[in-house]
Amino acid sequence: MAFDRFRRGVEGRVQNDPRSVDAEHQRPPGASDELVAAVGRLSEAFEYIERVRGHLYTLHQLVGHADKLLDDVVDGLRAAGQDHLAKQVQDELIGANVLAGRWTFQVVEEFDDGYYATFKSVEKRIRDETMQGRRHVFEAELKERRRTHGRPGHEATPDEAR
């Protein structure tokens with residue numbers, strides 16, 4: 001994993017180096033390398049949950065679109081004289097639940113209100129308690145270490161790029 005390679009690569013070289021690309025991403029006083037890394041890992045995990053959420057909304061929209069297309073299928077089968085097949089599509093597929101008792105909007109809402117909301121709340125609480133609410137402290141320090149200072153395209157902030 002890149003995270004593990006990063007940790008191994010900096011051990012003994014820049015431990016407890018508080019430098020960051022800007023004050024907004026500066027590690028709070030007393031925050032250890034291990035704490036910054038752990039909170040960074042939690043934020044990374046939350047980013048994956050954000051992606052899951054996006055995929056659920058994609059699922060929701062794709063299933064809804066497919067269900068709407070079935071209206072054309074039913075019309076086409078009826079026009080082709082295949083009423084028994086049209087009835088099969090109408091009765092078995094159109095409006096069917098994707099999970100027991102649920103359409104996709106219910107799946108998305110349950111995820112949003114349950115696991116997603118809990119994960120988001122815990123991540124923010126831990127970040128508030130340990131990093132003074134600052135986001136991406138780990139990444140900001142990584143950027144500061146990896147960029148080539150003074151080289152165009154490697155500026156610390158957008159203001160430096162102007």
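The values are calculated or read from the model by the stated rules, or taken from the named source; none is laboratory data. Just so you know, these numbers come straight off a predicted model, no measurement behind them. Reconstructed Cβ throughout: ideal geometry from the backbone, glycine too, with neighbour counts over all protein chains shown. We work out accessible area using only protein heavy atoms, side chains counted, and drop any ligands, DNA or RNA first. Shrake-Rupley method; radii C 1.70, N 1.55, O 1.52, S 1.80 Å.
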Among the candidates 23, 45, which residue alone is out of contact with any helix residue (DSSP H, G or I) (no Cβ under 6 Å at 6 or more places or on another chain) and open to solvent by less than 70 Å² (accessible area, probe 1.4 Å)? 45
What helices (runs of 4 or more DSSP H) lie completely within the stretch 64-162 and have 1 or more residues being in contact with a strand residue (DSSP E or B) (Cβ under 6 Å, 6 or more places away or on another chain), surrounded by fewer than 13 Cβ atoms within 10 Å (Cβ to Cβ) and of a type in the set (Gly, Ala, Ser)? none
Pairs returned, first residue in the stretch 91-112 that is more than 13 Å from residue 54 (Cα to Cα), second residue that is in a helix (DSSP H, G or I) and charged (D, E, K, R), beta-carbon separation under 8 angstrom, 6 or more apart or interchain, are 93/67; 94/67; 94/71; 95/67; 102/110
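Among the listed residues 30, 40, which satisfies the condition of being in contact with a Leu (Cβ under 9 Å, 6 or more places away or on another chain) and closer than 27 Å to residue 132 by Cα?
Criteria check complete, one pass: 40.
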